[in-house]
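> Dropping the structure in here first, questions after.
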Amino acid sequence: MSNKIQWQFPQALEDEAIYILRETAAQFERPAILFSGGKDSITLVRLAQKAFYPGKIPFPLLHVDTGHNFPETIAFRDELVSSLNLDLEVRYVQDSIDQGKVQEETGKYASRNALQTVTLLDAIESLKYDACIGGARRDEEKARAKERIFSVRDEFGQWNAKMQRPELFDMLNGKINLGENVRVFPISNWTELDVWNYIRRENLAIPSIYFSHERPIIERDGMYWPYSAFLNTTASEKPFLGRVRFRTVGDMTCTAAVVSDADKLEDIISEILEAKISERGARIDDKRSEAAMEKRKQAGYF
Amino acid sequence: MEVLHIATSGSVDDGKSTLIGRLLYDTKSITQDKLEAIHAASKRKGLDFTDLSLLTDGLVAEREQGITIDVAHIYFSTPTRKYIIADTPGHIEYTRNMVTGASTAQASLILVDARRGIVEQTFRHFFIANMLRIPYLVVCVNKMDLVDYSEQRFNEIVAEFKQLITGAAFKEQHIVFIPISSLYGENLVTRTEKFSWYQGDTLLEHLEKIDIDPADARHPARFPVQYVIRPRTTAYHDFRGFAGRVASGHIQVGDELVALPSGKTSKVKTIEKFEQQLPAAHAGDSVIITLEDEIDVSRGNLLAIASQPPSSRKEITAGICWMDQQKLVPGKTYLLQHGVNRIKAKVQGIIHVIDVTNNQVIPDKKELGLNDIGTITLKTAQPIFADTFTENPGNGAFILIDEFSNATVAVGFVE
């Protein structure tokens, strides 16, 4: 397959996402963008900017900070917020731990990935958000392939896969009862490659960890894990310096690095075109079982 | 790069999942880790082959029961096109999911097992694709390997299918028949000697040639207003832009538009997309329109080309597909959403219910339950400005929402 033509971004995807964002602004009273600092949520911010220009983005950003983020992601987030003059709400998993609502996991695979659902649901409740816009894509994972554009969640944030509202043509039904909320997925139909081609076309800034850099890593289960104070390591796991980049950005405890020299967007895109491993293949949180994602979504994970 | 939406439908044993798996595999769209995961899962289930349906059946309940319950979306691309497959269940009890998955499709793929020929499900699938006015239909006669690649068998099925569809409402639907073996990947992406008698395109060759140019482009311009943009900043103090997506036709700067329901007209001053000013916008484009005059336009209103406005309707006859567990209640008031506009609508009566296995009216049946398709009459609280679905699909469909459960209970087609 010729790589040359794969640089093109399908314009219909942007038109669709803008349509969805405008419906979200119109149908809900307090919508917010769930912002992780990853490429998908950066794409969402750009789409929102384009959907409402020359008006302001009518959504605040909500970031659930696990405390285990890459520092580069947080620095990037703050810069984006100030350059676009956005409203940012941050909620901390550490607070949920201190309140006794969740408990830190133990062992060498301990991560705060599952814990953040509780912090997220608390934030939605206290900030009274009725719609949360997320950057999830259907091509990421098989449970996500079944997700609607407007996905209704009950008071406990639960996703009922068997009782989803049909979505006909482009008509979106965001009617809900008090206490319920909707997860909105404007880039449902984008693939990883579409996102990168969009970032390239729009010339968007992204956190530096997406590009090749040197950092201490350890090898575990055939993957390279970023070495940090948050990672529980065994005596035999010795950190060493590697030239790597991240294909997806989650926590430092659940995102594996790939060995790469790609330091330009073009190189990243070529790398994806040739990759033998899928994007979420580097997500340690998905490896827990075949239905790991579906189970987390039922519990309110986005 | 263009996007082509395809709808597929069928049950596990007709080879649909294998076909999709094969398309992904042959266009190099599955990564090795996903393939290995499916291989391992197939082994755990005691299968001696790699069950590619595990790729598309994403829910625990689906994998348990070996059936497809809900629409799955699958993506692959070729150098020229991005393809989105809405893979829907074929069982009668999931008709609503079939309609959902097919509603956005430009091409519908129907699988026929060469040994069994046309079955009830084939017709139901065809009926829905025809009702939704999907421009392209591709009938894949599958498992040709099991009938010795027989040209005669293929021709029999083609003849049987053509016989079956003589009563179809949407006669302009473009239909092709392709003999394939999805198990061996024959005539999907690559050709084989075994089909020396077949001169037509492979499935992918055919899909690559489908004209995506939306049929909506030929219809009169319709622009449902989603959101009014009024920045009220110093730089844009008097800016008042109407944000929306062109539902059909095209709009140019200078065109005279009528705002509905007010009936006031004005000319298009600018068409904008972020920092760009455009000379025109076409069906599917999300843009902002500003007008020469200060006329009253708000969310849910329709801007239409003044020379060909849609008619105002308060009494509506509509084809309907019911999608809720709770039956339609005649005399009940529902919310009718036409595009982005919601109004109250009362169901006046059920005219008839159709048997989707033979396109005949079911005598004496006067109720619409889950998955039933029929015709009803409605009366709306305010007029809607719809075209008939036959004339202009982009402005001729609506959904019904139950005011109490908030569920989307039906999709309707204005007649």
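> Tell me, which residue of segment A:226-241 that is crowded, with 19+ Cβ neighbours inside 10 Å and either at pLDDT 90 or above or among the small types (G, A, S) (or both) is nearest to A:Q49 (Cα to Cα)?
Taking the candidates together, the pick is A:P226.
> Looking only at segment A:134-163, count how many residues are at pLDDT 80 or above, in a loop (DSSP other than H, G, I, E, B) and more than 7 Å from every other protein chain (Cβ to nearest Cβ).
The total comes to 11.
> Just for segment B:316-336: of the residues that are of a type in the set (D, E, K, R) and within 26 Å of the chain's Cα centre (by Cα), which one is surrounded by the most Cβ atoms within 10 Å (Cβ to Cβ)?
Out of the qualifying residues, it is B:D324.
> Looking at A:L86, A:L120, A:L62, A:L47 in this structure, which one is at negative phi, assigned to a helix (DSSP H, G or I), crowded, with 17+ Cβ neighbours inside 10 Å and away from chain B (no Cβ under 14 Å)?
Going through A:L86, A:L120, A:L62, A:L47 in turn, just one is at negative phi, assigned to a helix (DSSP H, G or I), crowded, with 17+ Cβ neighbours inside 10 Å and away from chain B (no Cβ under 14 Å): A:L120.
> Shifting gears a bit: Specify which of the listed residues (B:K379, B:K366, B:K332, B:K346) is more than 20 Å from A:L168 (Cα to Cα) and modelled with pLDDT under 95.
Just a single option satisfies the conditions, and that option is B:K366.
> Further question on the same structure: Report yes if some residue within segment B:219-232 is farther than 23 Å from B:R299 by Cα, among the basic types (K, R) and more than 11 Å from chain A (Cβ to nearest Cβ); otherwise report no.
No; the residues of segment B:219-232 include none that is farther than 23 Å from B:R299 by Cα, among the basic types (K, R) and more than 11 Å from chain A (Cβ to nearest Cβ).
> A further question follows. Could you check segment B:27-137 for strands (runs of 3 or more DSSP E) lying wholly inside it with 1 or more residues that are in contact with a Pro (Cβ under 7 Å, 6 or more places away or on another chain) and either of a type in the set (G, A, S) or at pLDDT 75 or above (or both)?
Filter on segment B:27-137 gives B:81-89.
> Check B:H5 against each of (1) assigned to a loop (DSSP other than H, G, I, E, B); (2) at pLDDT 80 or above; (3) within 22 Å of B:N187 (Cα to Cα) and name the one condition it does not meet.
Of the numbered conditions (1) assigned to a loop (DSSP other than H, G, I, E, B); (2) at pLDDT 80 or above; (3) within 22 Å of B:N187 (Cα to Cα), the odd one out for B:H5 is (1).
> I want to confirm something. Restricting to segment B:344-374 and keeping residues that are surrounded by 15 or more Cβ atoms within 10 Å (Cβ to Cβ) and among the β-branched types (V, I, T), which single residue is nearest to B:T333 (Cα to Cα)?
My answer is B:V347.
> Mind listing whichever residues of segment B:256-291 are in a loop (DSSP other than H, G, I, E, B) and either of a type in the set (G, A, S) or buried (at least 20 other Cβ atoms within 10 Å of the Cβ) (or both)?
B:S262, B:G263, B:A283, B:G284, B:D285
> It is to be established whether one or more residues within segment B:245-254 are within 14 Å of another protein chain (Cβ to nearest Cβ), out of contact with any His (no Cβ under 8 Å at 6 or more places or on another chain) and surrounded by 15 or more Cβ atoms within 10 Å (Cβ to Cβ).
Looking for residues that are within 14 Å of another protein chain (Cβ to nearest Cβ), out of contact with any His (no Cβ under 8 Å at 6 or more places or on another chain) and surrounded by 15 or more Cβ atoms within 10 Å (Cβ to Cβ), one finds at least one in segment B:245-254, hence yes.
> Of the residues B:E367, B:E391, only one is among the acidic types (D, E), in contact (Cβ under 8 Å) with a residue 60 or more places away in the chain and not assigned by TED's automatic domain parsing to the domain that holds B:P224; which?
The match here is B:E391.
> Taking segment A:164-202 as the search range and keeping residues that are aliphatic (A, V, I, L, M) and either over 29 Å from A:L127 (Cβ atoms) or facing chain B (nearest Cβ under 9 Å) (or both), which one is surrounded by the most Cβ atoms within 10 Å (Cβ to Cβ)?
In this case the residue turns out to be A:L168.
> Assess whether A:S111 counts as being hydroxyl-bearing (S, T, Y), assigned to a loop (DSSP other than H, G, I, E, B) and either surrounded by 15 or more Cβ atoms within 10 Å (Cβ to Cβ) or at pLDDT 95 or above (or both).
yes
The values are calculated or read from the model by the stated rules, or taken from the named source; none is laboratory data. Because the structure is a prediction, the values reported are computed rather than measured. No Cβ is skipped: glycine too gets one built from the backbone with ideal geometry, and neighbour counts run over all protein chains shown.
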